[in-house]
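Structure first, then comments.
Bear in mind these aren't lab numbers, they're just calculated from the coordinates by the rules spelled out. Computed from a prediction, not measured in an experiment: that's the story for all the values here. Virtual Cβ from ideal backbone geometry, glycine too; neighbours counted across all protein chains shown.
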Amino acid sequence: MQAPADPLAQLHDILLPDAIGWWPLAPGWWALLILLLALLATAIFYRRRKTLRNHYRQQALAELFALDALAAEPAKLLQAYSVLLRRTALTAHPTQFPVDIKGEAWLAWLDHYCPETGGGFFNGSGKALLTGPYQKTPAIDFNELRNLAETWIRKHRNQWQSLPGKTLKKSGGEHA
């Protein structure tokens, strides 16, 4: 018998298995996919709910900007600002808004539900909402008042948002 010349020449390469396909997915990937879809659905749900709950703000801002047409009649403009703020407040707090509120208590209420105004209704240009509609030519800064009203509409707390740690005081039958 003849001895093989080179025993290593008779060896062949190792056969590799076929590449593993990505489909069907492993159970862990299915769980991750379901979790991501659930998170996406939850994010969409909460975003839509927030948008619907704050839609009245967009309507009020559009009406506020439309009130610029009344600039020639300051008393009517002040009255329209007051009515717009009341309607917005009633929409924001349908069960908590004291509809009989008036005077300085009304201004304090506005400041309480929107601390970002910095007391501008009770101590600032917002005071014109009380006396301005009854004057022939009220002497106030309408730009400042419009900015104050816009700030209140954009940033006030509604019934779904928490208030800062302040409390309202009752005095003489009026709500503060």
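Could you work out the helix-only [θ] at 222 nm for the chain, with each DSSP H run of four or more residues adding -39,500 (n - 2.57) and the total divided by the number of residues, to the nearest 500 deg cm²/dmol?
Calculated mean residue ellipticity at 222 nm is -16000 deg cm²/dmol.
Between the helical axis of 55-66 and the dominant principal axis of the chain, each derived from Cα atoms, what acute angle in degrees is found, rounded to the nearest 10?
Its long axis makes an angle of about 50 degrees.
Tilt of helix 74-92 relative to the longest C-alpha principal axis of the chain, in degrees (0 to 90, nearest 10)?
Taking Cα atoms only, the helix is inclined about 50 degrees.
If you take every residue apart from Glu116 with its C-beta less than 12 Å away from the C-beta of Glu116, what net charge results, scoring Lys and Arg +1 and Asp and Glu -1?
It works out to a net charge of +1.
Once the other residues with Cβ under 14 Å from the Cβ of Gln135 are scored (Lys, Arg +1; Asp, Glu -1), what is the net sum?
In short, +2.
Just give me a number: lysine pairs in the chain, eight or more positions apart or cross-chain, with C-alpha atoms less than 17 Å apart.
Working: Lys50/Lys155; Lys76/Lys127; Lys76/Lys136; Lys102/Lys127; Lys102/Lys169; Lys102/Lys170; Lys127/Lys136; Lys155/Lys166.
Counting lysine pairs in the chain gives 8.
Gaussian network model of the chain, Cα springs within a sub-10 Å range: biggest mean-square fluctuation belongs to which of Pro24, Pro138, Pro98?
Pro24
For the charge dipole of the chain, defined by +1 on Lys and Arg C-beta atoms and -1 on Asp and Glu C-beta atoms about the Cα centroid, which residue among His112, Ala75, Phe45 has the Cα displaced farthest towards the positive pole?
About the Cα centre, the residue reaching furthest to the positive side is Ala75.
Considering the chain as a Gaussian network with a 10 Å cut-off on Cα pairs, which listed residue, Trp30, Trp109, Trp160, attains the greatest mean-square fluctuation?
Trp30
Rounded to two decimal places and with Rh computed the Kirkwood way over Cα pairs, what is Rg over Rh for segment 55-175? Don't skip to the answer; put the middle values down first.
Numbers: Rg = 13.7 Å, Rh = 14.6 Å.
Computed over Cα atoms, the ratio is 0.94.
Report the gain in length on full extension from Val83 to Gln58: 0.36 nm times residue separation, minus Cα-Cα distance, nm rounded to one decimal. Please list the in-between numbers first.
Values: separation 25, 0.36 × 25 = 9.00 nm, distance 1.62 nm.
Computed gain between Val83 and Gln58 is 7.4 nm.
For the chain, modelled as a GNM with alpha-carbon contacts under 10 angstrom, which of Leu33, Leu77, Leu11 fluctuates the most?
Leu11
Once you list every other residue whose beta carbon is under 13 Å from the beta carbon of Ala80, what net charge do they have if Lys and Arg are +1 and Asp and Glu are -1?
+1
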